[in-house]
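One structure is given below, represented as structure tokens, and several questions about it will come after.
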Amino acid sequence: MQSPPSDGRSREERLEEMMARYGDALIRMCCLYLRDASLAEDAAQDTFVKAWRHMDRFRGHCSERTWLMRIAINVCRDYYKTAWMRHIDRSTSLDALPEQGREDAHSPVLEAVTTLKRREKEAILLHYYQGLSLKETAKALGISESAVKQRMQRANQHLKQELEEWYHDAF
């Protein structure tokens with residue numbers, strides 16, 4: 001387990017460092033989750049506001065990155081609960097991703113991932129797209145590692161069916 005930084009940095013300095021280190025990754029993940037670039041930027045900003053407010057609660061039981069991803073997932077979930085999200089077209093092109101993610105924007109695999117059910121999409125985005133380990137993914141989602149594995153198996157089955165034609169055409 002990691003312990004939270006106690007090097008005398010202020011909350012603002014810690015937040016600025018987290019924003020520089022993880023900002024683009026959070027925006028990309030939120031964009032894939034919400035399928036809306038401007039909402040993704042709002043969600044990332046809300047994530048950092050919540051992190052700043054609750055920084056004193058971070059005990060180092062996981063990495064800062066895992067902690068931020070968990071906050072971001074919860075923010076995205078909250079966005080989906082709003083009446084606004086039920087009435088807007090979330091079919092925004094993945095070209096709206098920040099610079100670092102644009103190379104994947106036309107990936108049929110990434111497009112298929114965005115159509116997964118919420119639980120499966122969360123596990124896939126955190127584990128494969130954000131590179132979190134199974135343990136980190138489980139912590140970020142607040143579930144067991146076996147539950148993460150189950151969600152990824154269901155997602156993989158769906159993706160295999162969804163991408164079968166693409167796979168045969170591509171290879």
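The values are calculated or read from the model by the stated rules, or taken from the named source; none is laboratory data. Every value quoted in this text rests on a predicted model; they were computed, and no experiment measured them. In this analysis, Cβ positions are derived from the backbone assuming ideal geometry, glycine residues included, and neighbour counts consider all displayed protein chains. SASA here: full protein model, heavy atoms, side chains in, ligands and nucleic acids out. Shrake-Rupley method; radii C 1.70, N 1.55, O 1.52, S 1.80 Å.
Starting with the highest mean, order 55-61, 153-159 by the number of other Cβ atoms within 10 Å, averaged over the residues of each peptide.
The most tightly packed comes first, giving 153-159, 55-61.
Just read off the accessible area of Met152 with the full protein assembly in place, 1.4 Å probe, to the nearest 10 Å².
That residue has around 20 Å² of solvent-accessible surface.
Also: Quick one: net charge of Arg119's neighbours, Cβ under 9 Å, K/R +1, D/E -1?
Residues close to Arg119 contribute a combined charge of +3.
Another question about this same structure. Roll a 1.4 Å probe over the protein chains and send me the accessible area per residue for the range 117-161 in Å².
It amounts to 55 Å² per residue over the range 117-161.
Could I ask something else about it? Taking only protein heavy atoms into account and a 1.4 Å probe, give the accessible area per residue of the range 7-79 in Å².
On a per-residue basis, the range 7-79 sits at 47 Å².
Using a 1.4 angstrom probe on the protein heavy atoms only, line up Tyr128, Tyr22 by accessible area, largest first.
Tyr128, Tyr22
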